[in-house]
1. Give just the number: which of (1) over 25 Å from Lys196 (Cβ atoms); (2) in contact with a His (Cβ under 7 Å, 6 or more places away or on another chain); (3) not polar (S, T, N, Q) does Arg281 not satisfy?
2. State all residues of the range 245-290 that are part of a strand (DSSP E or B) and either of a type in the set (Asp, Glu) or free of Cβ contacts under 8 Å to residues at least 40 places away in the same chain (or both); if no residue qualifies, say none.
3. Are any residues in the range 334-361 within 17 Å of Met276 (Cα to Cα) and touching a Phe, Trp or Tyr at 6+ places or on another chain (Cβ under 7 Å), and if so, which ones?
4. Which ones in the range 324-335 are more than 17 Å from Trp262 (Cβ to Cβ) and more than 21 Å from the chain's Cα centre (by Cα)?
5. Quick one: which strands (runs of 3 or more DSSP E) lie wholly within the range 124-170 and hold at least 2 residues that are touching a residue at least 40 places away in the same chain (Cβ under 8 Å) and out of contact with any Ser or Thr (no Cβ under 9 Å at 6 or more places or on another chain)?
6. Please go through the range 83-120 and pick out each residue that is in a loop (DSSP other than H, G, I, E, B) and either touching a helix residue (DSSP H, G or I) at 6+ places or on another chain (Cβ under 6 Å) or modelled with pLDDT of 95 or more (or both).
7. Report the residue count in the range 175-189 for those that are outside any strand (DSSP E or B) and within 28 Å of Gly278 (Cα to Cα).
Amino acid sequence: MLRAEFARWRIAIALLAISGVMLFGFRLVEPLNGSALDASTQFEAPAQNIEGFARAIAPWDWQFPRDYGAHPDFQTEWWYYTGNLTTADERRFGFQFTIFRRALAAADAAATSSEFRSEQLYMAHFTLSDIAGGAFHHEQRFARGGAGLAGAVSAPRYRVWLEDWQVSAENAAATQTRIQAASEDFAINLALRQLKAPALQGDRGLSAKSGEPGNASYYYSLSRLQADGSIRLGGETFAVSGLAWMDHEFSTSALGTDAQGWDWFGLIFDDGSELMVGQIRLTAGGIEPAFDGLLIAADGSSRQLAAADIAISARDTWRSPHSGALYPAGWHIAISGADGFEIEVKPLLADQELHGGGIVYWEGAVRVSGGKSGYGYAELTGYVGSMQSRF
């Protein structure tokens, strides 16, 4: 009975056109695997009503571990983890695990006896990049926030979950967490330990996406997490370790109507520093000047980077055999200032495209060389159609 009821809710969720897209105010939503729903119907539905939701206007009063949890006064929220892992014999993997929350209304509708009643919708993306095997695996799930199927809390301890996919705190301060996610063909079980305090993006955590007030998110990063655990791929299980990155954002906003898409990078360097940079590409050409970046020093101090401090140029391209999209496939990134540097960023695997849904995007593990060395993740959107009127 529970599974049958849940299946009906999965269909309803897709029809309601979840439109959250993370980073730069959002990340991405695709329809259910195997769904017969038309993707354009899903993503070109009328915009959600934002009346009654809080907006990201002024810097946030951050308190941890409270702010690891959900912020239901805002319409959209996501918890985003990526990492680069290796085995003892240097076999390399990348992973992405993201849970998104989207509210349909600012408050629940009239009380009902149904335990499934909730205005909160959740979606999860889970990917594994097998670098040596040259394969990219990805899966997604949807659920209502009712009946314990999905949710996010900070008390008594931080936990965000969708069915049995979850991130959960292993201590009261939530500085030690565990990711557990499994599909039929691949799985991860990773213990994460914070090596640095949360880094606030933008103006004390207020990250602008355009010049319009409120068109922003509250955004912090855990830019260096020690990751240890296991990966299951097919019939094999691998002990792995490495470094991971976590982004958490919440907002009630949308990209401007002149936004085509974006390129985002979260990079972890061997010298103990980290870098978040990106660019919102405009439909008429050029870059949105409001969005910025953050350079985090080895000691945890940080410098906000204005768009003028960041220069990103593509070095190569890759055409997807799935969508036909032509993506950049290598970048030169220059950071200006007294602590500036220049680096080369290259994908560890060409095909790391999440495809088969309404919004297709590339998100994958990358290697860094040049003025700094290390690994990280990149996200590329808007290469299969514009992001306009999508959410």
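1. The one condition Arg281 does not meet is (2).
2. Those that are part of a strand (DSSP E or B) and either of a type in the set (Asp, Glu) or free of Cβ contacts under 8 Å to residues at least 40 places away in the same chain (or both): Asp247, Glu249, Asp263, Glu274, Gln279, Leu282, Ile287.
3. Within the range 334-361, Ile335, Val345 meet the criteria.
4. Gly324, His332, Ala334, Ile335
5. 135-144, 150-153
6. Within the range 83-120, Thr87, Ala88, Asp89, Glu90, Arg91, Glu115, Phe116, Arg117, Ser118 qualify.
7. 1
For every residue, the table says whether it meets (1) touching a residue at least 60 places away in the same chain (Cβ under 8 Å); (2) surrounded by 17 or more Cβ atoms within 10 Å (Cβ to Cβ).
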{"position": "Ala308", "(1), (2)": "no, no"}
{"position": "Ser323", "(1), (2)": "yes, yes"}
{"position": "Pro347", "(1), (2)": "no, yes"}
{"position": "Gly364", "(1), (2)": "yes, yes"}
{"position": "Gly371", "(1), (2)": "no, no"}
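The values are calculated or read from the model by the stated rules, or taken from the named source; none is laboratory data. Nothing here was measured: the structure is a model prediction, and the numbers come from that model. Heads up, the Cβs are rebuilt from the backbone with ideal geometry, glycines too, and the neighbour counts pull from every protein chain shown.
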